[in-house]
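Visitor: First the structure, which I've put down as structure tokens, then a few questions once you've had a look.
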């Protein structure tokens with residue numbers, strides 16, 4: 001059992017979400033708590049699409065971030081490392097980057113196959129994307145704007161451990 | 001009759017616990033309590049007083065008593081556990097320390113601080129630095145004792161205990177980094193409470209990447225430290241650093257299980273002040289509006305921080321000439337202070353003057369006149385009289401009443417000119433208006 005955009009629109013209406021419908025997509029707009037889009041406003045634009053005869057639902061934020069035009073290999077590499085680290089840490093949503101233009105996209109794929117899409121399932125997945133956008137925005141922004149690399153917890157543990165040993169050695 | 005095998009006993013124990021949890025889920029609390037009590041007796045009889053099973057049964061029972069808010073029962077249970085461990089297996093230090101710590105924490109909740117402190121001290125004294133099996137318990141005792149002292153405003157002693165704990169960490173080979181980082185963060189908080197702000201920020205910023213890492217669960221104390229660091233950098237005019245730590249504090253606040261509206265509002269409020277100085281004017285209004293939204297959910301509408309946020313918003317909207325929106329915010333502010341007894345006149349003067357000013361621009365002239373005359377009526381001194389007079393001049397100028405406009409502008413000019421200090425910025429504005437009125441094109 002697959003789904004259709006009409007069914008998704010009905011589920012969003014039932015969940016009292018504001019959305020606009022186009023031929024092949026549904027757009028959902030959200031005012032975020034922490035995330036800022038590349039225009040530096042607090043809104044996020046989420047796209048919901050149905051693919052492969054409705055057996056795959058894609059929920060994503062196009063151009064969640066944009067590497068500035070003219071950035072060098074170093075910046076691309078730093079952002080890729082950051083995305084890799086985030087994708088390792090989180091479940092559900094994932095980040096991906098288009099090498100050609102530096103567009104960073106956040107989203108998730110929901111393979112329905114023969115399952116029926118429910119409101120709870122749809123909302124859970126939408127919230128997963130939105131929460132990820134908010135939670136990781138600060139670290140992402142630092143990597144993108146200030147070239148501060150993102151570190152995993154185990155690497156930080158070593159640094160902090162060494163600092164405290166040095167600081168409190170009698 | 002043969003003795004049941006240990007596996008069979010474990011499975012029977014697990015079944016009792018599972019039945020208790022089922023009752024708990026169904027909110028049949030008395031039945032759940034009976035099952036967990038039975039599990040405890042069963043574990044003590046078959047696995048020994050220091051077994052993991054006893055700990056598990058105790059945990060379930062204590063959690064249940066905690067939910068039921070039966071603090072005295074919880075305390076009695078923990079006291080009996082400690083007594084049993086002291087009597088039967090005093091040599092099993094980690095197990096004894098674990099019971100002592102739980103008892104101490106329960107006593108802290110019951111505000112029996114002296115008794116709690118005695119148990120924290122006993123836990124630390126029970127451990128030997130030379131026994132590797134004790135080191136984890138020793139570190140844990142320092143963290144919990146230090147946290148308790150820190151939360152109870154015993155900051156000087158908290159610093160001593162936490163410093164001991166951190167020195168211990170520095171001495172031993174395989175110390176627990178997470179616990180050491182927690183100790184350092186609590187020590188930073190204790191420094192902050194003692195007014196040793198620079199030391200607090202130095203230590204806090206070094207360990208926050210670990211204690212407040214995005215993959216770690218939020219801790220309200222540590223989030224508060226991030227907020228302090230943000231505030232400190234804001235005061236030090238290091239706006240970029242302030243922005244980072246304040247946003248970090250917000251990220252952590254939103255991750256907490258219960259939303260603390262007041263705290264979130266306070267962070268947004270400070271962030272807005274920082275944005276203004278950091279050169280991010282586009283964010284000021286967004287952050288002020290969010291601050292107001294969260295503060296109104298967590299505070300009274302007339303509280304100083306709420307009023308200050310409204311004033312900040314008014315000061316964004318009026319220069320942007322968004323008078324209709326400003327009028328709404330001012331009207332809300334006036335409504336909020338309507339029934340206040342203290343400082344009423346001064347606040348009324350400020351808001352009615354602002355209201356009159358925006359109403360002039362919205363060409364609501366009769367309302368503007370009433371607002372400005374009221375602001376004048378409640379003015380306490382010349383400074384508070386000067387602005388409504390200037391705005392009455394503006395009102396009559398807009399209405400085309402030249403004589404009245406000149407009269408009010410002159411009265412306002414006199415008051416602004418007699419203010420001590422640097423010449424008031426309103427003086428050239430009024431002089432220009434007077435020139436226009438006296439020499440019409």
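The values are calculated or read from the model by the stated rules, or taken from the named source; none is laboratory data. Here the structure is a predicted model, which is why all the values come from computation and not from measurement. Positions of Cβ are generated from backbone atoms using ideal geometry, with glycine treated the same way; all protein chains shown enter the neighbour counts.
Visitor: Does residue A:118 meet the test of being more than 30 Å from residue B:271 (Cβ to Cβ) and surrounded by fewer than 17 Cβ atoms within 10 Å (Cβ to Cβ)?
Guide: Answer is yes for this residue.
Visitor: Quick check on the stretch B:67-93: of everything there that is more than 25 Å from residue B:112 (Cα to Cα) and in a loop (DSSP other than H, G, I, E, B), which residue is modelled with the lowest pLDDT?
Guide: In this case the residue turns out to be B:89.
Visitor: For the stretch B:311-327, give me the residue count where each residue is assigned to a helix (DSSP H, G or I) and farther than 10 Å from residue B:355 by Cβ.
Guide: Adding up the residues that qualify gives 9.
Visitor: For the stretch B:207-217, state whether one or more residues are more than 10 Å from chain A (Cβ to nearest Cβ) and closer than 23 Å to residue A:135 by Cα.
Guide: Yes: one or more hits.
Visitor: If you don't mind, another one. Can you run down the residue pairs with Cβ atoms below 7 Å, 6 or more apart or on separate chains, where the first is in the stretch B:152-166 and away from every other protein chain (no Cβ under 14 Å) and the partner is crowded, with 20+ Cβ neighbours inside 10 Å?
Guide: B:155/B:190; B:157/B:149; B:158/B:146; B:158/B:149; B:158/B:150; B:158/B:186; B:158/B:190
Visitor: Considering each residue of the stretch A:113-145, count those that are more than 8 Å from chain B (Cβ to nearest Cβ) and under 20 Å from the mean Cα position of the chain (by Cα), and give that number.
Guide: The total comes to 19.
For (1) under 35 Å from the mean Cα position of the chain (by Cα); (2) under 29 Å from residue B:136 (Cβ atoms); (3) in a helix (DSSP H, G or I), each residue gets a yes or a no:
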| site | (1), (2), (3) |
| --- | --- |
| B:14 | no, yes, yes |
| B:19 | no, no, yes |
| B:40 | no, yes, yes |
| B:65 | yes, yes, yes |
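Visitor: Restricting attention to the stretch A:88-107, and to residues there that are surrounded by 13 or more Cβ atoms within 10 Å (Cβ to Cβ) and within 25 Å of residue B:253 (Cβ to Cβ), which single residue is nearest to the other protein chains (Cβ to nearest Cβ)?
Guide: Looking at the filtered set, the residue picked out is A:89.
Visitor: Right, another one. Could you list, in sequence order, all residues of the stretch B:119-133 that are within 23 Å of residue B:65 (Cβ to Cβ) and either within 30 Å of the chain's Cα centre (by Cα) or part of a loop (DSSP other than H, G, I, E, B) (or both)?
Guide: Listed by number, the residues that qualify are B:119, B:120.
Visitor: Here's something else I'd like to know. Could you grab me the full set of residues in the stretch B:184-206 that are in contact (Cβ under 8 Å) with a residue 24 or more places away in the chain, more than 16 Å from residue B:146 (Cβ to Cβ) and within 13 Å of another protein chain (Cβ to nearest Cβ)?
Guide: Across the stretch B:184-206, the qualifying residue is only B:205.
Visitor: Quick check on the stretch B:167-183: of everything there that is under 19 Å from residue B:224 (Cα atoms) and more than 10 Å from chain A (Cβ to nearest Cβ), which residue is surrounded by the fewest Cβ atoms within 10 Å (Cβ to Cβ)?
Guide: Step by step, filter the stretch B:167-183, then rank; the result is B:179.
Visitor: Filter the stretch A:26-44 down to residues that are surrounded by fewer than 15 Cβ atoms within 10 Å (Cβ to Cβ) and touching a strand residue (DSSP E or B) at 6+ places or on another chain (Cβ under 8 Å) and give me whichever is nearest to residue A:80 (Cα to Cα).
Guide: Of everything passing the filter in the stretch A:26-44, A:38 is nearest to residue A:80 (Cα to Cα).
Visitor: Could I ask something else about it? Residues of the stretch B:278-288 being more than 10 Å from chain A (Cβ to nearest Cβ) and either modelled with pLDDT of 90 or more or within 16 Å of residue B:319 (Cα to Cα) (or both), which ones?
Guide: Within the stretch B:278-288, B:281, B:284, B:285, B:288 meet the criteria.
Visitor: From the list B:191, B:145, B:169, which residue is closer than 20 Å to residue B:245 by Cβ and either within 25 Å of the chain's Cα centre (by Cα) or in a helix (DSSP H, G or I) (or both)?
Guide: So the residue among B:191, B:145, B:169 that is closer than 20 Å to residue B:245 by Cβ and either within 25 Å of the chain's Cα centre (by Cα) or in a helix (DSSP H, G or I) (or both) is B:191.
Visitor: Please state which one of B:155, B:137 is in contact with a helix residue (DSSP H, G or I) (Cβ under 7 Å, 6 or more places away or on another chain) and either at pLDDT 95 or above or farther than 28 Å from residue B:62 by Cβ (or both).
Guide: The match here is B:155.
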